[in-house]
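For reference, the structure discussed in these notes is given below.
Quick note: the coordinates plus some simple rules give every number you see, no bench work behind them. Note that this is a predicted model, so its numbers are computed, not measured. For neighbour counting, all protein chains shown are included, and Cβ atoms are generated from backbone atoms with ideal geometry for every residue, glycine included.
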Amino acid sequence: MKKVFLGIIMLLGMMILTPFSSGEAASDQQTNIIVKYEKEHDKKFIIQQSDSVVKEYSQLPLLEINISKDVLQELISDKHIVFYEENKSFSIQNQFKVANISSTELERWNLKAMDVQNGWNAGFTGKGVKIAIIDSGVANHSDLTVVGGASFVGNSYEDDHGHGTHVAGIIVGKHNGIGVAGIAPNAEVYALKAIGKDGKGDVADVLKAIDWAIENKMHIINLSFGDLEYAKSLHEGVKKAADHGIMIVAASGNEGNDSGTGNTINYPARHDEVISVASINRQFKRSSFSGTGNTNDFAAPGEEIYSTYLNGQYATYNGTSMATPHITGVLALLMEQYPYATATELRDGLRYIAEDLGEVGYDSLYGYGLPKFKMPNSMMMSEMLNSDLSATSTISKIETMPNTIEKLALKNDWNKSQQTIISQIDQILADFVRTPTEQKYNQLIGLLEGVVSVDIKLHKQKQLDATIARLFEPATNAVNVFNRNKTNYNYKKAETELKKLPSLKPKQELEAALNEGLQQFAKKAIDGLAQYEKQPTKKHYDYALFSINSLPDSSVKSELMEKMKKQVQTAVKQATAKISAYEKKQTLKNYINAENSIKAVFDDKERSKLELKIKKTVNNNMAKAKTRVANYEKKKSETNRNLAMKIVRELPNGKEKEQLLKRLK
């Protein structure tokens with residue numbers, strides 16, 4: 001039976017987030033909100049005080065609750081709630097137009113554009129990579145294999161809208177000679193349904209899906225939706241997923257304009273934790289609707305994209321929603337090829353293989369450009385890995401390599417060589433969780449020092465930090481409070497709590513975190529001092545001094561004050577030198593130079609000393625001038641007048657000088 005292909009263009013393939021209300025504090029009429037808590041005891045207390053709990057998240061420090069306004073304010077005042085916001089809804093806007101498709105599955109322009117055949121030819125198909133598609137679900141389709149999933153808007157993750165099914169086909173469409181070929185056909189796709197048949201959903205449902213993805217250890221989350229309005233709870237979910245090593249790929253949005261101006265990138269794509277994807281057409285030019293801004297990461301095909309659809313059909317959609325799964329698919333190929341590479345390294349890898357589009361280098365329209373799959377040069381890698389360099393020198397040399405795919409390949413192989421030490425860390429860490437001791441902690445620290453990969457070391461350090469957090473909770477809380485709300489009082493409280501702790505490595509880390517927060521707290525003072533050093537004016541001096549004096553007593557304050565004093569002393573030295581020059585040669589020019597140097601000394605005490613010093617010389621000169629003028633008046637000769645005029649002319653300008661000049665006329 002001849003297979004019928006239905007071509008449909010979806011002009012707006014993005015999910016648009018729109019709030020039910022203004023997002024102000026929950027009213028008596030609408031009390032459904034999402035809250036973040038800090039500690040487990042806060043969570044329990046919030047649950048006790050709520051009218052009802054709509055959703056508890058197993059991996060996210062969030063709750064969806066119904067609560068009265070008065071109780072909410074009490075919880076906020078008592079600091080049980082870090083933040084709250086009303087749940088926001090989103091919907092898919094659809095406009096369809098029939099289109100004819102004639103090319104075979106492997107000949108699609110979007111596949112050729114990214115050179116994904118190079119990956120397939122090398123045997124990479126995304127095998128073993130777990131991808132969560134948070135969307136409208138995925139429909140049963142002969143060209144798709146869905147490993148599993150969950151629905152948060154009904155009983156089944158079966159797609160009854162079409163958007164999620166189209167996204168899935170781009171990633172994992174079967175290579176069976178018909179229909180569509182996915183970029184990573186052997187990846188494991190999980191359909192997480194957060195959008196209903198009517199194209200509507202809300203942030204809470206998306207958070208449930210992210211929570212599921214974390215709990216089920218997904219490698220990639222594909223988010224083909226977004227909104228220009230920031231949702232703090234969604235950002236919290238994204239950050240938590242990233243902390244678990246999950247890579248998040250999201251659409252930059254369809255709010256762009258023809259001129260490509262302005263920051264129109266959607267959230268969550270705008271977040272640093274997310275890979276933001278823009279859309280291009282067949283001519284490798286930006287789609288007119290594609291979002292623009294300095295958080296765009298990459299561009300991918302997003303027009304005339306043919307993929308799977310409902311009822312076993314196929315459709316063509318336009319939108320950054322379609323560009324996003326292209327990057328997800330290529331990322332899955334890289335994950336299979338480089339299984340020991342970290343999330344950061346893989347993200348860098350996309351940049352290494354990206355073909356620059358638009359302006360030379362990074363730009364706000366295309367980001368780093370269009371990733372095209374490439375294989376590394378095996379000879380170059382062999383030379384590096386077989387060198388006689390030390391471990392530190394080797395990794396250092398890799399880090400300084402040009403940004404090519406070989407760099408990612410070498411990092412992957414290097415990480416692989418460290419699997420023995422990583423296994424030891426995991427074993428001791430598991431034992432430390434059961435019985436935490438200083439000896440085991442020191443063992444872990446010693447092993448961590450042997451991990452050369454910065455990313456892996458950071459990940460393992462985070463695991464260790466999580467297990468010892470309860471031992472240092474009071475100090476940790478105090479440091480966190482200061483870093484959230486940087487005041488002198490909070491700094492002193494954190495410093496007091498730290499003094500109570502024994503001298504262990506975690507204490508040093510907390511001290512470092514406190515110092516980092518203090519550096520941020522001192523940013524105004526640091527910037528103010530830098531501005532004063534660059535442009536030494538009274539205004540900049542006063543601002544810098546005020547900012548430094550506003551800091552809590554600390555080494556940072558002392559260092560800044562010492563720099564301030566040195567700057568003042570430099571000005572004093574310069575003024576002193578100018579005064580000395582004036583004392584040696586008492587000319588008006590030297591006086592003006594000295595006076596200007598004194599004005600550049602903004603410390604009142606130091607400036608007063610300098611003014612007294614120059615005043616003494618000025619007074620002496622004035623006395624001499626008056627004597628010479630008096631001599632001229634007694635005996636008005638040309639010689640006496642010239643002698644008097646010579647000294648008077650070099651006096652500072654002022655009334656006394658004017659009077660003396662009049663007497664010499």
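Miscellaneous remarks
- Each Lys and Arg adds +1 at its Cβ and each Asp and Glu adds -1 at its Cβ; summed about the Cα centre, region 411-531 shows a dipole of about 320 debye.
- Among the listed pairs LYS499/LYS566; LYS534/LYS565; LYS193/LYS462, those whose Cα-Cα separation exceeds 22 Å are LYS499/LYS566; LYS193/LYS462.
- Whole-number percent relative contact order across the chain, with pairs defined as alpha carbons under 8 Å at least 6 apart: 10
- Semi-axis lengths, largest first, of the ellipsoid equivalent to the chain are 64, 32, 28 Å, with √(5λ) applied to each eigenvalue of the Cα gyration tensor.
- Euclidean distance of C-alpha centroids, region 153-183 and region 421-467, integer Å: 41
- Note on region 446-494: the alpha carbon radius of gyration divided by the globular reference 2.2 N^0.38 Å gives 1.47.
- Charge dipole of the chain about the Cα centre (unit charges at C-beta), most positive-ward option of ILE305, LEU514, GLY148: LEU514
- Among 615-625, 268-278, the peptide with the highest mean count of other Cβ atoms within 10 Å heads the list, and the full ranking is 268-278, 615-625.
- Distance from the Cα centroid of region 555-628 to that of region 197-254 is 63 Å (rounded to whole angstrom).
- For region 49-56, putting each phi into the Karplus relation 6.51 cos²θ - 1.76 cosθ + 1.60 with θ = phi - 60° gives couplings of 8, 6, 5, 7, 10, 7, 8, 9 Hz, in residue order, rounded to whole numbers and with x for Gly and Pro.
- Total charge dipole magnitude, the chain, about the Cα centre, Cβ charges on Lys, Arg, Asp, Glu only, Debye to nearest 20: 5660
- Annotation: amide H-H contacts under 5 Å for GLU355 (H modelled 1.01 Å from N, sequence separation of 5 or more, or interchain): LEU370, LYS372.
- Reachable lysines, given that their alpha-carbon falls under 18 Å from the alpha-carbon of LYS460 and they are not under 8 places away in the same chain: LYS217, LYS239, LYS240, LYS411, LYS416, LYS440, LYS505, LYS507
- Projecting the alpha carbon convex hull of region 419-521 along each direction and taking the average yields 6.7 nm².
- DSSP-loop GluC sites (Glu not before Pro) across region 33-74, with at most 16 other Cβ within 10 angstrom: GLU38
- Dipole-positive endmost among THR537, VAL330, TYR314 within the chain (Cβ charges, Cα centre): THR537
- Three-way shape label, region 244-374, alpha-carbon gyration tensor, a/c 1.5: oblate
- Region 573-665: GluC sites (Glu not before Pro) falling in loop per DSSP and having at most 13 other Cβ within 10 Å: none
- Solvent-free Debye calculation, one equal scatterer per alpha-carbon of region 573-664: log10 I(q)/I(0) at 0.17, 0.18, 0.19 Å⁻¹ equals -0.70, -0.76, -0.82.
- Distant-in-sequence amide H partners of ILE280 (H built 1.01 Å from N, under 5 Å): SER287, ALA300, GLY302, GLU303
- Relative exposure of GLU303, GLU497, GLU107, judged by other C-beta atoms within 10 Å (fewest first): GLU107, GLU497, GLU303
- Mean ellipticity per residue at 222 nm, deg cm²/dmol - from DSSP H runs of n ≥ 4 across the chain, formula -39500 (n - 2.57): -15500 deg cm²/dmol
- Among PRO652, LEU111, ILE33 - extreme Cα towards positive end, dipole of the chain, charges at beta-carbon: PRO652
- The chain: antiparallel DSSP beta bridges as a percent of all, rounded to 5: 55
- Separation between Cα centres of region 35-77 and region 304-333, rounded to whole Å: 38
- As a proxy for reagent exposure, THR570, THR324 were ordered by neighbouring Cβ count within 10 angstrom, fewest first; the result is THR570, THR324.
- For region 224-236, Karplus couplings with θ = phi - 60° (6.51, -1.76, 1.60), whole Hz, Gly/Pro x: 8, 7, x, 7, 6, 8, 6, 10, 4, 5, 5, 4, 4
- For region 302-372, the calculated P(r) over all alpha carbon pairs, in 5 Å bins from 0 to the bin holding the longest distance, is 3, 14, 20, 20, 18, 13, 8, 3, 1 percent.
- In straight-distance terms, cross-link reach from LYS493 covers every one of the aspartates and glutamates whose alpha-carbon lies under 18 Å from its own, apart from those fewer than eight places away in the same chain; here that gives ASP78, GLU473, GLU509, GLU511, GLU516, ASP553.
- Cα gyration tensor shape of region 92-375, rounded if a/c is under 1.5, else prolate or oblate by comparing a/b with b/c: rounded
- Taking other residues whose beta carbon is less than 13 angstrom from the beta carbon of LYS635, and scoring Lys, Arg as +1 and Asp, Glu as -1, yields +2.
- For region 199-207, the Karplus equation 6.51 cos²θ - 1.76 cosθ + 1.60, evaluated at θ = phi - 60°, returns couplings of x, 10, x, 8, 4, 4, 5, 5, 5 Hz by residue, with Gly and Pro reported as x.
- Eligible lysines near LYS662 by straight Cα distance, threshold 29 Å, same-chain separation 8 or greater: LYS584, LYS585, LYS589, LYS613, LYS615, LYS616, LYS624, LYS626, LYS634, LYS635, LYS636, LYS646
- Remark on SER68: its backbone amide H falls under 5 Å from those of ASP51, a criterion applied only to residues 5 or more positions apart or on other chains, H modelled at 1.01 Å from N.
- Inverting the pair-averaged 1/r between distinct Cα atoms of region 351-462 gives 16.6 Å as its Kirkwood hydrodynamic radius.
- Evaluated at q = 0.15 Å⁻¹, the base-10 log of the normalised Debye intensity for region 486-550, with identical point scatterers placed on the Cα atoms, takes the values -0.57.
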